[in-house]
Amino acid sequence: MRGQDFPLLKKQEKTSDYTIYRCGPNFGESFIVFNQNPNASNLDPAKLKWFTDVRFRRAIAHAIDKDSIIDNIYNTLGHPQFSPMSMSAKAFYNSDVRRYSYDLKESAKLLTEMGFNKNKDGWLEDDQGNPVEFQLLVSDSSSIGKKVANYLLDDLKKIGIKMIFNPMTFQIIVEKLDVDYNFEAILIGLTGGIEPNSGKNVWMSSGRLHMWYPKQEEPATEWEEEIDTIFDQGVQEFDQQKRKALYDRWQEIAAEQLPFIHLVTPAVLYSVRNKFGNINPTSYGGATHNIEEIYLLP
């Protein structure tokens, strides 16, 4: 069930013939990705310079009020996300990665370090006098995505950054990510899972879905090269503790460098009729993962 349906269904739960199960965070992830591709012919060089500066990405991360998004869009039924692995993926989730609190002062400090200053109207300009603004693409079929984008617009306005929110079809967004690289920033998500190596095509520098700069002939940065090594080693490693250590390091790098600025992952909710016995829903397995053990009550 959807988080937006929870208040009504929870209110009726005691007088109706169903039980609501809250199963923890979803395995998916939602994030903002900035275009860091130097081969993107339509990308303003000034914006490429901002987007490839980790201070800019960290400033954006500190400016996002995730708690307000959770409270107002997800009816409190969501979790702030700081890692490319879900909290529900317990075997590989690293809880000790760098976190970005909602901190407008820290955000402003980072932008000042980059040479940005506010003009008389309160909007930021870079050290060359360019207005600090960008266009965020969002799927027009995602009602949650469009609501989140509106929150982001307001959050970034507080630090003097003008964000232009542009809904378009998901197919066009995919083409911009995968074919012509004609975008500045995109709000998108991935389904996630319990096995880190399933994200190899996203995280390897040569990957087709390496969204911020795909299909690199050689890693563009030292940290991307390190992630390549991690995924090469991780898929060959049989020792669980060694695999855990490798993918912990990957999550640390992802949180430090922020190629994806993670947002919020929703809670997994199931509503099940009370006529079933031995129901034990989980975030990964769903409501009927143990179907051979479920029975009808008399």
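Descriptive notes on the structure:
- Scanning the stretch 273-298 for residues that are hydrophobic (A, V, I, L, M, F, W, C), in contact with a strand residue (DSSP E or B) (Cβ under 6 Å, 6 or more places away or on another chain) and in a strand (DSSP E or B) returns no hits.
- Members of the stretch 69-89 that are over 23 Å from Gln257 (Cα atoms) and open to solvent by 60 Å² or more (accessible area, probe 1.4 Å): Asp71, Asn72, Thr76
- A Cβ distance below 9 Å, combined with a sequence gap of six or more or placement on separate chains, defines the contacts here; from the stretch 159-184, residues that are open to solvent by 70 Å² or more (accessible area, probe 1.4 Å) reach residues that are aromatic (Phe, Trp, Tyr) in the pairs Lys162/Trp123; Lys162/Phe134; Ile164/Phe134.
- Here Asp121 does not fit the description of being in contact (Cβ under 8 Å) with a residue 60 or more places away in the chain, farther than 27 Å from Arg22 by Cα and out of contact with any strand residue (DSSP E or B) (no Cβ under 8 Å at 6 or more places or on another chain).
- Residues that are open to solvent by less than 90 Å² (accessible area, probe 1.4 Å) and either at pLDDT below 95 or not in a loop (DSSP other than H, G, I, E, B) (or both), drawn from the stretch 96-106: Leu104, Glu106
- Note on the stretch 58-105: residues that are of a type in the set (Lys, Arg) and either free of Cβ contacts under 8 Å to residues at least 12 places away in the same chain or in contact with an Asp or Glu (Cβ under 7 Å, 6 or more places away or on another chain) (or both) total 3.
- Pairs where the first residue, in the stretch 202-224, is over 20 Å from Ala185 (Cβ atoms) and the second is open to solvent by 80 Å² or more (accessible area, probe 1.4 Å), C-beta under 7 Å, 6+ apart: Ser206/Lys215; Pro219/Glu225
- Under the condition of being open to solvent by 60 Å² or more (accessible area, probe 1.4 Å) and either under 21 Å from the mean Cα position of the chain (by Cα) or among the basic types (Lys, Arg) (or both), the residues counted in the stretch 107-157 number 13.
- Comparison of Lys244, Lys275 shows that the only residue that is more than 29 Å from Ser101 (Cβ to Cβ) and of a type in the set (Lys, Arg) is Lys275.
- Residue check: Asn278 meets all listed conditions (1) more than 26 Å from the chain's Cα centre (by Cα); (2) open to solvent by less than 40 Å² (accessible area, probe 1.4 Å); (3) not hydroxyl-bearing (Ser, Thr, Tyr) but one, namely (2).
- Whichever residue in the stretch 241-267 is more than 24 Å from Asp53 (Cα to Cα) and modelled with pLDDT of 95 or more and, among such residues, is surrounded by the most Cβ atoms within 10 Å (Cβ to Cβ): Tyr247
- Scanning the stretch 1-30 for residues that are among the β-branched types (Val, Ile, Thr), closer than 21 Å to Tyr284 by Cα and open to solvent by 70 Å² or more (accessible area, probe 1.4 Å) yields no hits at all.
- So Glu225, is it at pLDDT below 95, surrounded by fewer than 21 Cβ atoms within 10 Å (Cβ to Cβ) and more than 19 Å from the chain's Cα centre (by Cα): no
The values are calculated or read from the model by the stated rules, or taken from the named source; none is laboratory data. Given the structure is predicted, the values throughout are model-derived calculations rather than measurements. Virtual Cβ from ideal backbone geometry, glycine too; neighbours counted across all protein chains shown. For accessibility, only protein heavy atoms count, side chains too; no ligands or nucleic acids. Shrake-Rupley method; radii C 1.70, N 1.55, O 1.52, S 1.80 Å.
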